[in-house]
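Student: Pasting a structure below so you can have a look.
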Amino acid sequence: MTTAMMKAMVFEGPGQPLRACERPMPVPEGPDLLLEVCACGVCRTDLHFADGEVYARYPVIPGHEIVGRVIAMGEQATGFTLGDRVGVPWLGRSCGTSPYCCSGRENLCDDPVYTGATRDGGYASHVIADSRFCLSIPDVYGDVEAAPLLCAGLIGYRALVTAGEAKVLGLYGFGGAAHIVAQVAIWQGRSVHAFTRPGDIAAQAFARSLGCVEAIDSDQLPAALLDAAIIFAPAGPLVPLALKAVRKGGRVVCAGIHMSEIPAFPYADLWEERSIVSIANLTRSDGREFLALAPQVPVHAHVSRVALGDAGEALQALRDGRFQGAAVLVP
């Protein structure tokens, strides 16, 4: 009997390039689904795996913004049927028993499974995913456009909620997450200011085209003080810059999974009840809430399609800041 095979792009270890390979097709067990991958977003977190800045179980197939079709089911899989289109986000599973899980904070689970990090992800033709942590994709979105919603959208949404009722909002790092969050925030009636890499005129023009009232270099101060700022770029020096840009009582939200060292700054910049908080992972409730909200805005992810075999080139382009919006792999 011939063994069915799947295609994949694999990180063998930190500092090593993606490698194309074929593997035996996995078999779903228990609550798992076997999905044929339709699209998978390319996320900055994948660069952190490439550089060894974030823990992963190597060798690993990265990718945690997955849209796929159910082609087989484990005996305990629930919520979906064969042929259904589902989304697979970063949180692949939580233990369900930790104090965090039992208090509605499964994003802080003590024993989690992360898609594309501690469990193989979507840089592949097929993937296994826990049915209990998969999400239904709104019909209004195609496969490619839906993929970035599953991390850039979800993490951005959690960061936006954490920013509170800020009427004047700053977004530092205008990439996959920020361009989605900007649309939601503007729809909510907020004034959105975009901060990009110094001299990135294209990104600034992109931000203004989405309705941002201001788009400037990240080392500049905005025309008006911010009520809150969300930092998506993994650059620690942005924290003290953002603190200087927020008014009294303002909040700086660090939304990345990794950030370079934050330099020292004077206490006066934090004083007057300014605060710094971080975002960690997501919950299934975040996913359901955001995917219900996105069609109302409506959110339109700006995507560049990339063939699965060109995933390495896509990661380099992401590192260089050459994508406007998000990149999505198509097997």
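Student: Every residue in region 239-277 that is small (Gly, Ala, Ser), touching a strand residue (DSSP E or B) at 6+ places or on another chain (Cβ under 9 Å) and either more than 22 Å from Leu318 (Cβ to Cβ) or assigned to a helix (DSSP H, G or I) (or both), please.
Tutor: Within region 239-277, Ala242, Ala245, Gly249, Gly250, Ser275 meet the criteria.
Student: Moving to a separate point now. Any residue in region 160-176 that's within 18 Å of Ile216 (Cβ to Cβ): show its pairings with residues that are among the β-branched types (Val, Ile, Thr) at Cβ separation under 6 Å, as long as the two are six or more apart or on different chains.
Tutor: Note: pairs meeting the criteria are Leu169/Val192; Leu171/Ile230; Tyr172/Ile231; Phe174/Thr196.
Student: Give region 219-249 a look and list any residue that's modelled with pLDDT under 95 and among the basic types (Lys, Arg), or say none.
Tutor: Passing the criteria: none in range.
Student: Of these, Gly287, Gly236, which one is open to solvent by less than 70 Å² (accessible area, probe 1.4 Å), part of a helix (DSSP H, G or I) and within 28 Å of Val113 (Cα to Cα)?
Tutor: Unique residue meeting the criteria: Gly287.
Student: Continuing with this model, one more query. Can you tell me which residue among Ala166, Ala129 is open to solvent by less than 10 Å² (accessible area, probe 1.4 Å) and either under 30 Å from Met9 (Cβ atoms) or touching a His at 6+ places or on another chain (Cβ under 9 Å) (or both)?
Tutor: Just a single option satisfies the conditions, and that option is Ala129.
Student: Name every residue in region 63-82 that is in contact (Cβ under 8 Å) with a residue 12 or more places away in the chain and open to solvent by 40 Å² or more (accessible area, probe 1.4 Å), in order of residue number.
Tutor: Within region 63-82, Arg69, Ile71, Met73, Glu75, Gln76, Thr78, Gly79, Leu82 qualify.
Student: Here is a follow-up. Provide a single number: the residues in region 83-104 that are buried (at least 20 other Cβ atoms within 10 Å of the Cβ) and not β-branched (Val, Ile, Thr).
Tutor: So the answer is 7.
Student: How many residues are surrounded by 14 or more Cβ atoms within 10 Å (Cβ to Cβ) and touching a Lys or Arg at 6+ places or on another chain (Cβ under 7 Å) if we restrict to region 257-273?
Tutor: Within region 257-273, residues that are surrounded by 14 or more Cβ atoms within 10 Å (Cβ to Cβ) and touching a Lys or Arg at 6+ places or on another chain (Cβ under 7 Å) number 1.
The values are calculated or read from the model by the stated rules, or taken from the named source; none is laboratory data. All of these numbers come straight from a predicted model, not from anything done at the bench. Note that we place each Cβ from the backbone using ideal geometry, even for glycine, and neighbour counts take in every protein chain shown. Only protein heavy atoms, including side chains, enter the accessible area calculation; ligands, DNA and RNA are left aside. Shrake-Rupley method; radii C 1.70, N 1.55, O 1.52, S 1.80 Å.
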